[in-house]
Amino acid sequence: MATEKHFLAKMENDILDIWDKESTFQQSLNNRSKAPEFTFYDGPPFANGLPHYGHVVQTTIKDSVTRYKTMQGYLVKRRVGWDTHGLPIEYAIEKEHGFKGKQDIVDYGIEKFNQECQDSVFKFKDIWEDLFRRLGRWSDFSQTYTTMDKNYIESVWWVFKTIHDKGLIYNDFRSSPYCPRCATPLSNFELNQGYQDDVSDPSLYVKFKLVDQDAFLLGWTTTPWSLPGNAAIAINKDAVYLYVTITNDNQQKETLILAKDRLSCLNSDNYQIVKEVKGIDLIGLQYQPLFNLKDLSSYPNKDNLYKVWSADFVSIEDGSGVLHVAPAFGEDDLRLGKEQDIPILITIDESGKVKNNLGLPEDFEGKFFKSADSIIIEHLAKEGYVFSAETFKHTYPFCWRCDTPLMYYATNSWLVRVSSLVDKLTANNQLVNWTPPHIKNGRFGKWLENARDWSISRNRFWGAPLPIWITEDGSETIVIGSIEELKQRAVDPLLVNDLHRPYIDNIIIKTDSGKLAKRVNEVFDCWFESGSMPYGQNHYPFENQENFTDIFPADFIAEAIDQTRGWFYTLHVLATALFDKPAYRNVICSGWVVAADGQKLSKRKKNYAPMDEVLDQFGVDTLRFFMANSPIVNGEDVRFSTDLLKEVQRKIFMTLNNSFNFFKLYADIDHFKPSKPLVEPTSSNLLDNWILARLNQTIEEVTKAMDSYRVDKATKPIASLLDDLSNWYIRRSRRRFWKSDDSDDKKDAYETLYYTLLIICQLLAPFSPFLVDYIWRELVARSSIDILSVHLSDWPKSKEYDQNIINNMSQARTYINQGLALRASYKIKVRQPLDKITVPSIPKVYHEIIAEELNVKHVQIGPEIILDSHISDDLKQEGLAREVVRHIQSARKQAQFNVDDRISLLLSSADELMKLTIENKAELINHETLSIGTLSKDSQPDYRTTVKIDGVDLEIAISKNQ
Ligand SMILES: [Zn+2]
């Protein structure tokens, strides 16, 4: 559905052209070239994906804060960076080719594959740049960095070598979350990105026959595919275990061993307890393996196979209290395996398939691990080893990139010893100002307390290569920290060029002892690369050493709340490891945009309006203000609906635009020029002083909120100021602009409205940068100000203001609302004047406003609000005269007279009361309608109409006075 572009959206496009033409962004930087720096890190997005509403949120936050700080007088550089490495890119290329796994890439050729990855990284760059421009996000595309730049990679190497030299890197054979399709281990925070609910899995009770006793250990597992890799049974040594006899399906009696607290897993009362033992009594018992694997004799520690061990991770909360242990396929399992020197039986290959030639039944071989579950259960059932098999639903992790179910898999991996940094990480976190604040010791702090070692190597292709070279005999490991160092060590330095695979793999280096070393195959986890961004984007320490304090740490960063386990985390870990400092001082975590009904935004369900349409219909100003004024900028979700956008557009931008147009209409007529623009005017008028006080109050509130990184708290006061300006100040001041003479009061009104509009433009500028720049440009054009754009102006400073005037005006408005409610209850129209209202205490200067708004002759002070509802003949006529005025005003409009045109008027009616009214109230009618003469009955008026007032005909004839 194509929508007509709203005039505000069209205006925004004009402003964008002006910014381009005048290089306004560059100018805003040049203006601050000598100013202190406010450091901002822009989290690098992947340019091979399309932007969505989440990016509008990021733009709103990042652009608002950086524009604000610029106006405050700081130099805020805004370099754009792109994440160009890693699984997301590789996976997109694999999909294009229909590759099924890693081997397909090797067969295709790493060189060709990586070239295609590289060619694809900027697939949507133009779309991103266009959107950034359209959203008014000022970013410096002239100094774009990418994580695949040689300089960037060199800095990543420096980071790695530096923390390696601090003893924080180690290689380990460990069980990690592992994607069998991508054939690489993942970090624990990548694991956290892919949990799915309600996944069906088997819950299997298997019987392990003891060697020296006529009894079975009743083991429990939810991963039957791991049973061929079973190497041990674990029990809890402090728990009580029972031997029970039951009758099995073949009507034979058999004895099972399980935890006393887990008898419920038998699902039957039909058992007899034979004896009770302590877990400790079971330790060391031997059982028969479920499968007879070949070649076990090659394991030197084979005697430790198929025994019962005690382990603290055995739960008696679920299962049977008897745990199947497969050291290759579980974190706890591997730990126990290593502690007790139990062989690690790897029965699944790197691509997640059951290995061949292990001695397993032939129909297992080559089966994907998850698909092997049912075959294995079936096989064990036939052998009589299954006690019960059911399915249950639980939360299970999937690969965040390719949606393949993950497994724990024991492989060699390079890790950062994050667990040893926990105290420092926690201490440095205390130096960070978090928005919302509960993230600090909640979501992020808790995550840090339990920080695990970070697996940073990926068995992949398109990424910064690990700079680790190892001699063939494994005796020497060299970590390279710079290109120069690599050239010095390389057997053929001329090969040192493109640092990517496969070229880097061809570089052989010489160790100090003269041995030759080859690079390990792995590349970096792309999160290690993005966590190295403060150094990578500046090619630190190879460049920018002198000004490092200007570039590190960041004064401000912002991303969505999930980055507490992503970018926020990796930045923090690496900065702490390198410098024992936090990488950022202030951080805003944003929440998520959800559909109007609270559901996730879904392309498939089409439960949200497309961005193009929204931008055409509402404009960027509206969309940005909606986000800025919502809880999403404080880590919570926001429901997105076009109804809400409509309201923002009307209440904020139409109101501002109408206020400006009101000013312009009269200022043009009177050729108004401000005497001292950008200096707060002085006035003796109560309304002027009130709106100026409100203005200063708002400056104070917005500044305070922005200084504490609360974008939502900053926008709310602006919204309420705009409402006061339009619905109170301008509405109540209208007549002051109509006066024909150049009175001081009129001048005060102009000066005040002009100044107020200028400051409102400045206050709104960081959040919604377009309409305010349009208005600013129009306003300054009639002054001596040479600041072309509001974005080149200095943030306004709040002056001392009179809180009493704000309180009193608010009190007066409350009385007025109560008076209006009384009028409504008496069913008397506001146009009908009344004699008096009694209100509780309020200073005398407010009486006139109350009297006018309530259309009463007198205001009295009394203990409570009382409206005198008696209508005298004179009041009746005056009320009628007001109706007459209203109809004459509308006749003027119909006749297309200008608001300041003077007219001649003739009113005729047959009704007695109307005649009396016209006669008695002539002065009022003439004054209100700018009529200065009487039309003769015979002349031809410019416009003539007959209207009905209270059922009576009135003929109105008007002509313009030349
Ligand atoms: Zn995967």
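Highest first, please rank the peptides 474-482, 520-528, 587-595, 14-22 by the mean number of other Cβ atoms sitting within 10 Å of their residues.
On the way: 474-482: 16.0, 520-528: 24.3, 587-595: 21.9, 14-22: 14.2.
Ranked by mean Cβ neighbours within 10 Å, highest first: 520-528, 587-595, 474-482, 14-22.
If R0 is 41 Å, what FRET efficiency do you get for Phe7 and Ile866 from their C-beta distance, rounded to 0.05? Intermediate results must be reported in sequence, preceding the final value.
Numbers: r = 48 Å, r/R0 = 1.16.
According to the calculation, E is roughly 0.30.
Rg and Dmax of the range 873-935, using alpha carbons, in Å: what are they?
In Å, with Rg to one decimal and Dmax whole: 11.5, 35.
Would you mind getting the accessible area per residue of the range 555-602, heavy atoms of the protein chains only, 1.4 Å probe, in Å²?
28 Å²
For the range 299-424, what is the number of Lys pairs with C-alpha distance below 17 angstrom, counting only pairs 8 or more positions apart or on separate chains?
Values: Lys302/Lys338; Lys307/Lys338; Lys353/Lys367; Lys353/Lys370; Lys355/Lys367; Lys355/Lys370; Lys370/Lys393.
Lysine pairs meeting both conditions in the range 299-424 amount to 7.
Could you give the length gained on full extension between Val422 and Asn817, defined as 0.36 nm per residue of separation minus the Cα-Cα distance, in nm? Write out the running numbers ahead of the final one.
On the way: separation 395, 0.36 × 395 = 142.20 nm, distance 5.92 nm.
Once the chain is fully extended between Val422 and Asn817, it gains 136.3 nm.
With a cut-off of 8 Å between alpha carbons and a minimum separation of six or more residues, what is the relative contact order of the range 529-612 in percent?
On the way: 78 pairs, mean separation 24.8, N = 84.
Computed value for the range 529-612: 29 percent relative contact order.
Tally the DSSP beta bridges in the chain and give the antiparallel ones as a percent, rounded to 5.
Numbers: 80 of 113 bridges.
So the antiparallel bridges amount to about 70 percent of the total.
Order the peptides 42-55, 921-934 from the highest to the lowest mean number of other Cβ atoms within 10 Å of their residues.
Working: 42-55: 18.9, 921-934: 15.9.
Put in order of decreasing packing, that is 42-55, 921-934.
Helix-derived [θ] at 222 nm for the chain: sum -39500 (n - 2.57) over DSSP H runs of at least 4, divide by residue count, nearest 500? Working shown, then result.
Numbers: 32 runs with 365 residues, N = 962.
My calculation for the chain gives -11500 deg cm²/dmol from helical runs alone.
Do me a favour and compute the ellipsoid semi-axes for the range 480-519 from its Cα gyration tensor, root of five times each eigenvalue, largest one first, whole Å.
Numbers: eigenvalues 50, 24, 14 Å².
In descending order the semi-axes read 16, 11, 8 Å.
So, for the range 792-930, what is the accessible surface per residue at a probe of 1.4 Å, expressed in square angstrom?
Details: 7540 Å² over 139 residues.
Each residue of the range 792-930 exposes 54 Å² on average to a 1.4 Å probe.
Among 285-291, 410-416, what's the highest-first ranking by average C-beta atoms within 10 angstrom per residue? Don't skip to the end; give the middle numbers.
Details: 285-291: 18.0, 410-416: 22.1.
Per-residue mean Cβ counts within 10 Å order the peptides as 410-416, 285-291.
Rounded to the nearest percent, how much of the accessible area of the chain (1.4 Å probe, protein heavy atoms only) is carbon and sulfur? The partial results should precede the final answer.
Numbers: 19520 of 41720 Å².
Roughly 47 percent of what the probe reaches on the chain is carbon or sulfur.
Could you name the aspartates and glutamates in cross-link range of Lys237, using Cα to Cα under 14 Å and dropping any fewer than eight places away on the same chain?
Partners within reach: Asp261, Glu276, Asp281, Asp312.
In whole Å, largest first, what are the principal axis extents of the Cα atoms in the range 19-175?
Principal extents (largest minus smallest coordinate, Cα): 55, 41, 26 Å.
Among Asp303, Asp745, Asp802, what's the order by accessible area (1.4 angstrom probe), most exposed first?
Details: Asp303 110, Asp745 40, Asp802 80 Å².
These residues rank, largest area first, as Asp303, Asp802, Asp745.
Show me the chymotrypsin sites (Phe, Trp or Tyr not before Pro) within the range 150-212 that DSSP assigns to loop and that have at most 11 other Cβ atoms within 10 Å of their Cβ.
On the way: sites: Tyr152, Trp157, Trp158, Phe160, Tyr170, Phe173, Tyr178, Phe189, Tyr195, Tyr205, Phe208; in loops: none.
Of the chymotrypsin sites (Phe, Trp or Tyr not before Pro), not one in the loops of the range 150-212 has a Cβ with at most 11 other Cβ atoms within 10 Å.
Treating cross-link reach as a plain straight distance, find the aspartates and glutamates whose alpha-carbon is under 13 Å from the alpha-carbon of Lys207, omitting any fewer than eight places away in the same chain.
Once the sequence-local aspartates and glutamates are set aside, what remains near Lys207 is Glu254, Glu383.
According to a simple spin-label model (label point 7 Å from Cα along Cα-to-Cβ), what is the distance in nm between Glu317 and Ser740?
Going from the Ser740 label point to the Glu317 one covers 8.7 nm.
Out of all DSSP beta bridges with both ends in the range 835-962, state the antiparallel percent to the nearest 5. Walk me through the numbers on the way to the answer.
Values: 15 of 22 bridges.
Looking only at bridges with both residues in the range 835-962, the antiparallel portion is about 70 percent.
What's the FRET efficiency of Thr245 with Phe392 using the Cβ-Cβ distance as r and R₀ = 35 Å, to the nearest 0.05? Can you show the working numbers first?
Values: r = 27 Å, r/R0 = 0.77.
According to the calculation, E is roughly 0.85.
Once you keep just the Cα pairs under 8 angstrom separated by 6 or more residues, what percentage relative contact order results for the chain?
Numbers: 1740 pairs, mean separation 119.5, N = 962.
After rounding, I find 12 percent.
Given a cut-off of 28 Å, name the pairs among Lys446/Lys797; Lys10/Lys797; Lys646/Lys716 whose C-alpha atoms lie farther apart than that in the structure shown. Intermediate results must be reported in sequence, preceding the final value.
Numbers: Lys446/Lys797 40 Å; Lys10/Lys797 32 Å; Lys646/Lys716 17 Å.
Those over the limit are Lys446/Lys797; Lys10/Lys797.
Give me log10 I(q)/I(0) at q = 0.12, 0.18 Å⁻¹ for the range 724-869, Debye formula, one equal scatterer per alpha-carbon, no solvent.
Evaluating at q = 0.12, 0.18 Å⁻¹ gives log10 I(q)/I(0) of -0.68, -1.07.
Efficiency by 1/(1 + (r/R0)^6): what FRET value for Glu955 and Ile669, r their Cβ-Cβ distance, R0 = 35 Å, to the nearest 0.05?
Once the sixth-power term is evaluated, E becomes 0.70.
What is the Cα centroid distance between the range 162-187 and the range 481-500, reported in whole angstrom?
A separation of 25 Å, based on Cα centres.
Where the centroid of each part is defined by its Cα atoms, how far is the range 292-362 from the range 815-851 in Å?
When both Cα centres are located, 86 Å separates them.
For the range 59-137 and the range 524-560, compute the distance between their C-alpha centroids and round to whole Å.
17 Å
Could you tell me what fraction of 2.2 N^0.38 Å the Cα radius of gyration of the chain comes to, as a two-decimal ratio? Provide the component values of the computation, followed by the final result.
Details: Rg = 38.9 Å, N = 962, 2.2 N^0.38 = 29.9 Å.
Against the empirical 2.2 N^0.38 Å value, I get 1.30 for the chain.
The values are calculated or read from the model by the stated rules, or taken from the named source; none is laboratory data. Values in this document were obtained by computation on a predicted structure and should not be read as measured data. No Cβ is skipped: glycine too gets one built from the backbone with ideal geometry, and neighbour counts run over all protein chains shown. Surface accessibility is based on the protein's heavy atoms, side chains included, excluding ligands, DNA and RNA. Shrake-Rupley method; radii C 1.70, N 1.55, O 1.52, S 1.80 Å.
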